[in-house]
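Just below is one structure, and these are the notes that go with it.
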Amino acid sequence: PTVFVITPTFKRFVQKAELTRVYQALKPVKNLHWIVVEDAVNKTDLVANFLKTSGLKYTHLNVRTPDILRRHRNELRRMKPRGVVQRNLGIQWLRENINPHKVSGVIYFADDDNTYDSKIFDEMRWIQRVGVWPVAFTGAVRWAGPLCKNGKVVGFHAKWGRFRPFPIDMAAFAVNLKKLLIDFPNATFVAVEQPGMLESSLLSQITKVEELEPVTPNCSKVYVWHTRTETPKDSILGERQLIKKGMPSDKSIET
Ligand code: UGA
Ligand code: MN
């Protein structure tokens, strides 16, 4: 089975560093197809060249988050879900370009800023319906995710967001291709305003907690960390000062 990885990404100071970390986790994985969706009106050269030289099998897409879904100044970070239209475009691309009667696989939504152990991709490859596993640094605890016993999900561990129908992070599940392409051909992420509901907005359309398949195995290991990269403010400020002096860092060197 093929692992289809859908990654929303957007332009920022640390973008290439983030993409490099994800790429290095994907590189050793066999039979993987990376669908990178830029949050942008146009595809950027940085991402296009990055993918071209990656040696990975990939599809490069773009769609800009519409204004109503963008976070406005002074608005709380949590109030607008991120990467929604990008992930939905990735799903749509699969529906239009992959024949699920001929191709077997799973779909995983990998944010560009998390830290992935390559092992997770070979664990998720065999998921028949919807597979789940724990993710570190989410749910306001050391790790959050499913509690599993004898091949069943018997509960969830989290400190924050226990009200959610599926109290797990985006990085904590993968879906069999047939689920989203044959069984539920209209299921999408829904940009609800309530924080933390994005995962549940899709999962509640396509599965039930009783149907979830424990992975890693039996939800026993963490292979994904919900990391967040600090913006190197010194470099941004210093560069701005150099630009003002007419002495910017060599622009032909991409970062
Ligand atoms: C948490 C979850 O881990 C995300 O999967 C979920 O989308 C998010 O909450 C949410 O509820 O919206 P968090 O770390 O807060 O994640 O989100 P980010 O990592 O900042 O963004 C998630 C993805 O969307 C990333 O791949 C990022 O590159 C992308 N993104 C973010 C955009 O494409 N456009 C943006 O303006 C912001
Ligand atoms: Mn993140």
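Eigen-decomposition of the gyration tensor built on the alpha-carbon atoms of the stretch 156-210 gives equivalent ellipsoid semi-axes of 21, 13, 9 angstrom, largest listed first.
Give the ranking of TRP133, TRP225 by solvent-accessible surface, highest area first, calculated with a 1.4 Å probe.
Result, largest first: TRP225, TRP133.
Counting only Cα atoms, the stretch 99-198 measures 42, 32, 30 Å along its principal axes, largest extent leading. Each residue, THR59 and LYS233, gets one label point 7 Å from its Cα in the Cβ direction; the gap between the two is 4.1 nm.
Of the GluC sites (Glu not before Pro) found in the stretch 149-255, the ones in coil according to DSSP and having at most 10 other Cβ atoms within 10 Å of their Cβ are GLU193, GLU230, GLU254.
Rounded to whole numbers, the Karplus 3J(HN,Hα) couplings from phi for the stretch 221-226 are 9, 9, 10, 9, 10, 7 Hz, using 6.51 cos²θ - 1.76 cosθ + 1.60 with θ = phi - 60°, and x at Gly and Pro.
Relative to the longest principal Cα axis of the chain, at what angle does helix 15-26 sit, 0 to 90 degrees, rounded to 10? Compared with the principal axis, the helix lies near 40 degrees.
Highest first, please rank the peptides 64-76, 176-188 by the mean number of other Cβ atoms sitting within 10 Å of their residues. Before the final figure, lay out each step's value.
Details: 64-76: 10.4, 176-188: 17.4.
Per-residue mean Cβ counts within 10 Å order the peptides as 176-188, 64-76.
Antiparallel beta bridges, as assigned by DSSP with both residues in the chain, represent about 40 percent of the total such bridges. Over the chain, the fraction of Cα-Cα pairs per 10 Å bin, rounded to whole percents and listed from the shortest bin up, is 7, 29, 37, 19, 6, 2, 0. The relative contact order of the stretch 108-176 comes to 38 percent, based on Cα pairs under 8 Å that sit 6 or more residues apart.
In order along the stretch 34-47, the Karplus-derived 3J(HN,Hα) couplings, from 6.51 cos²θ - 1.76 cosθ + 1.60 at θ = phi - 60°, round to 9, 9, 9, 10, 7, 7, 6, 5, 10, 5, 8, 5, 4, 6 Hz, and Gly and Pro are given as x.
Here r is the Cβ-Cβ distance between ASP122 and GLN241 and R0 is 35 Å; the resulting FRET efficiency, rounded to 0.05, is 0.15.
Taken along the Cα-to-beta-carbon direction at a fixed 7 Å, the label points for SER204 and THR255 span 4.4 nm. Using a simple spin-label model with pseudo-atoms 7 Å out from Cα toward Cβ, TRP225 and LEU147 lie 2.6 nm apart.
What full-extension length gain, to one decimal in nm, is calculated for VAL190 and ILE68 as 0.36 nm per residue of separation minus the Cα-Cα distance? Before the final figure, lay out the partial values.
On the way: separation 122, 0.36 × 122 = 43.92 nm, distance 1.34 nm.
Taking 0.36 nm per residue and subtracting the Cα distance, the gain is 42.6 nm.
Given a 1.4 Å probe and every protein chain left where it sits, what share in percent of the accessible area of the chain is carbon and sulfur?
Taking all protein chains in place, the chain shows 53 percent carbon and sulfur surface.
For ARG162 and LYS52, the FRET efficiency from 1/(1 + (r/R0)^6), where r spans their Cβ atoms and R0 equals 35 Å, is about 0.20.
The values are calculated or read from the model by the stated rules, or taken from the named source; none is laboratory data. Nothing here was measured: the structure is a model prediction, and the numbers come from that model. Because the Cβ atoms are built from the backbone with ideal geometry, glycine has one as well, and the counts that use them run over all protein chains shown. These accessible areas exclude ligands, DNA and RNA; they are computed on the full protein's heavy atoms, side chains included. Shrake-Rupley method; radii C 1.70, N 1.55, O 1.52, S 1.80 Å.
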